[in-house]
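Structure, as structure tokens:
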Amino acid sequence: MKTQTLSNLATLYDRDYQLWLETTLQQLRSGNFAQVDWQNVLDELESMAKRNRRAVKSLLTRLWEHLLKLRYWESEREYNANKWKAEITTFRQQIRDELLDSPSLKSYLPEIFPETYQDAKSVISRLMDISISSFPELPPASLEEVLEDDFFFD
């Protein structure tokens, strides 16, 4: 691969992301740090950090949605309870996997816990076609309970 100038690499980032990645990796591995497109590397790293946080927040929100269905959607519970419990289990496993890959995200969970509950209430109230005030104002379970494998509001 021919040597690219920094300005060419910056435009390569916009023209061919995959080639930019491969070129950047090759430069880093070979110790050719002066030729690395550092601005886009930094932007990518920042984006990755945000993406990991968004993933955990989304999983926790979806976990709450299914817990709320299980607890409050009585007319659908008998037919859907096992499916909802399976989804709850899946979301818990995915959260655990994210935390294994990035243990520092564990301290982020208490920060987003109330917001994910509020977001889930909003979604489920629309799904059930009931007022959001039908749900408790504060989360009806702790973060530890919500993440516990056998917790299903039983």
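Does Ala34 satisfy being assigned to a helix (DSSP H, G or I) and either touching a Gly at 6+ places or on another chain (Cβ under 8 Å) or modelled with pLDDT under 95 (or both)?
Details: assigned to a helix (DSSP H, G or I): yes; either touching a Gly at 6+ places or on another chain (Cβ under 8 Å) or modelled with pLDDT under 95 (or both): yes.
Yes, satisfied.
Quick check on this structure: which one of Trp73, Trp84 is closer than 21 Å to Asp154 by Cα, in contact with a Leu (Cβ under 6 Å, 6 or more places away or on another chain) and either surrounded by 11 or more Cβ atoms within 10 Å (Cβ to Cβ) or among the aromatic types (Phe, Trp, Tyr) (or both)? Can you show your working first?
Numbers: Trp73 fails: in contact with a Leu (Cβ under 6 Å, 6 or more places away or on another chain).
Of Trp73, Trp84, the one residue that is closer than 21 Å to Asp154 by Cα, in contact with a Leu (Cβ under 6 Å, 6 or more places away or on another chain) and either surrounded by 11 or more Cβ atoms within 10 Å (Cβ to Cβ) or among the aromatic types (Phe, Trp, Tyr) (or both) is Trp84.
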Criterion (more than 19 Å from the chain's Cα centre (by Cα), surrounded by fewer than 16 Cβ atoms within 10 Å (Cβ to Cβ) and either of a type in the set (D, E, K, R) or assigned to a loop (DSSP other than H, G, I, E, B) (or both)) met by exactly one of Glu78, Glu111 | Glu78
Output the number of the condition that Val146 fails; it satisfies all remaining conditions of (1) over 16 Å from Trp73 (Cβ atoms); (2) among the β-branched types (Val, Ile, Thr); (3) in contact with a Ser or Thr (Cβ under 8 Å, 6 or more places away or on another chain).
-> (3)
Any residue in segment 32-52 that's over 16 Å from Asp14 (Cβ atoms) and touching a residue at least 24 places away in the same chain (Cβ under 8 Å): show its pairings with residues that are of a type in the set (Asp, Glu) and surrounded by 14 or more Cβ atoms within 10 Å (Cβ to Cβ) at Cβ separation under 9 Å, as long as the two are six or more apart or on different chains.
-> Asn52/Glu98
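Among the candidates Lys57, Lys106, Lys83, single out the residue that is touching a residue at least 24 places away in the same chain (Cβ under 8 Å) and out of contact with any Gly (no Cβ under 9 Å at 6 or more places or on another chain). Even if it seems obvious, please write down each step before you answer.
On the way: Lys106 fails: touching a residue at least 24 places away in the same chain (Cβ under 8 Å); Lys83 fails: touching a residue at least 24 places away in the same chain (Cβ under 8 Å).
Answer to the selection: Lys57.
The values are calculated or read from the model by the stated rules, or taken from the named source; none is laboratory data. Computed from a prediction, not measured in an experiment: that's the story for all the values here. Every residue, glycine as well, gets a Cβ built from its backbone with ideal geometry; the counts of neighbours run over all protein chains shown.
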